């Protein structure tokens, strides 16, 4: 089987900004060799392509030989990365510190020990200020190497101080590794099953978390240790439905940045995560005004001075801006307004979807489907749900809970569209799917049994009785530790009340939102 041609070079070139491309051409043209000319020719040809096509590219010029093409691409790829590193060097503090360490190594190897020590002192201050622990450890290693070459009468004191510094940095690195390892295991569990849905899931989550970690003294921790610990706490408590506790630590996480604005530039990715974590808590706890204020921080990031918004940061800001705007509309029950806004942005959203990971794509599909459902557009809701239902095998292993609820909401869409002949078939296939996923709740059983009844012909009186029976079965589940979690995915009680009261889902949810939010509900 022939090896598939890589388009990594094409993707890298297309990800570059105008200023980055200009800088690359500038440094490449400094060496006016035949090789450089070929690199620039290949760069320009790829940059002009809308879709990467190697055959068309080779056929467009005789200067590029097929036999040399693979090596030419590899060298161009490396050159671009080198140029990008140099271009962003002053904006990447860790890269600047690494360069200083490299310079100190060069001076050490030349026997220029005093100059080496001088650069190490400067790099150490930078590493300590920004809390770059791994780089700080590397600097300390070079300081130890220098001891034998820079003896003075305080040498013993210097040795003891250095040993203690190394121990302190190692302890802090070990803390962060412990916290991040637990977070990674919890996140892998979450990405597979979704939120904890049973005592079995809760026990499994508790096994992943050392109880000593949940009672650690936060006041003794450095900035990076706190960020890593708070990230663990937020994830664990949200995952296990302790929203109040998760929100408490989300606020602490954000406060680390608010108390030291200088670290925002260097840890912009983490700062965006902190904002997202707070918004999740405010959404789930119906803190509308706080939610709107926190959401405005995304806009402020774009207006910050001297902030380099990488493609990764831009995509992250866009993702959270979309998700939380949908959440804001859900809080208000403003599905009609949401759909109008969504339709205006549809082309942008489709482009955005092609750039994000499977988990983010899945959540976005479901949010959009629920927006259309709330606006009574069941055809388009079903269309977006089918993107989840028809996922490939790999995507089926991501967020099993969302896959289950996509099928349930899709069943209701078919009922609303009058496709009662399909409902019975889909009920059976959905049952089979849920049994394979070991994902059957009372909530789901009640809904599935109800939908099975709806596939038969029922008169108005029988239908109303069925709606009321299901509502009465579901209401007690809202207070159940685990059974209440499915209501986060789909407010079926509001849908049932709409049927009983002959109102739209939007009217029911809006009236509830006005009561829940009170004075916070916008006029």
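Every read-out reported here was derived from the displayed coordinates using simple, explicitly stated rules and does not represent laboratory data. Owing to the predicted nature of the structure, the values given are computational and were not obtained by experimental measurement. Backbone-built Cβ (ideal geometry, glycine too); neighbour counts: all protein chains shown.
Across the chain, what fraction of all alpha-carbon pairs, as a whole percent, falls in each successive 20 Å bin from zero upward? Pair shares across the bins are 17, 43, 31, 9, 1.
Distance between the pseudo-spin-label points of residue 445 and residue 519 (7 Å out from Cα toward the beta carbon): 4.6 nm. Relative contact order, whole percent, for segment 105-185 stands at 27, derived from Cα pairs under 8 Å and 6 or more residues apart.
Mean sequence separation of contacting Cα pairs (under 8 Å, at least six apart), scaled by the length of segment 59-136, corresponds to a relative contact order of 22 percent. The length gained on full extension between residue 35 and residue 422, counted as 0.36 nm times the residue separation minus their Cα-Cα distance, comes to 132.9 nm. Each of the peptides 105-116, 290-301 was scored by the mean count of other Cβ atoms within 10 Å over its residues; in descending order, highest first, they stand as 290-301, 105-116. What angle do you read, to the nearest 10 degrees and between 0 and 90, between the alpha-carbon axis of helix 66-87 and the longest principal axis of the chain? Tilt of helix 66-87: around 80 degrees. In a fully extended conformation the segment linking residue 472 and residue 383 would gain 29.0 nm over its present Cα-Cα distance, using 0.36 nm per residue. Once both labels are positioned 7 Å from their Cα atoms along Cα-to-Cβ, the gap between residue 461 and residue 48 label points is 7.8 nm. A simple spin-label model places the labels of residue 292 and residue 85 4.8 nm from each other, with each point 7 Å out along Cα-to-Cβ.
Ranked by the mean number of other Cβ atoms within 10 Å per residue, highest first, peptides 338-351, 422-435 order as 422-435, 338-351.
Shown for 494, 70: other C-beta atoms within 10 Å of each C-beta, ranked fewest to most, produce the order 70, 494.
Working from Cα pairs under 8 Å separated by at least six residues, relative contact order for segment 8-87 is 43 percent. An oblate overall shape is assigned to segment 260-356, the ratio a/c of its alpha-carbon gyration tensor axes (a ≥ b ≥ c) being 1.5 or greater and a/b not exceeding b/c.
Please label the shape of segment 8-87 as rounded, prolate or oblate, based on the square roots a ≥ b ≥ c of the eigenvalues of the alpha-carbon gyration tensor (a/c under 1.5 means rounded; beyond that, a/b larger than b/c means prolate, else oblate). Cα axes put segment 8-87 in the oblate bin.
The stretch between residue 168 and residue 11, if pulled fully straight at 0.36 nm per residue, gains 52.3 nm over its current Cα-Cα span. Relative to the longest principal axis of the C-alpha atoms of the chain, give the angle of the C-alpha long axis of helix 460-474, reported between 0 and 90° and rounded to the nearest 10°. The angle comes out near 40 degrees. Computed from Cα positions, the angle between helix 268-284 and the longest principal axis of the chain comes to roughly 20 degrees.
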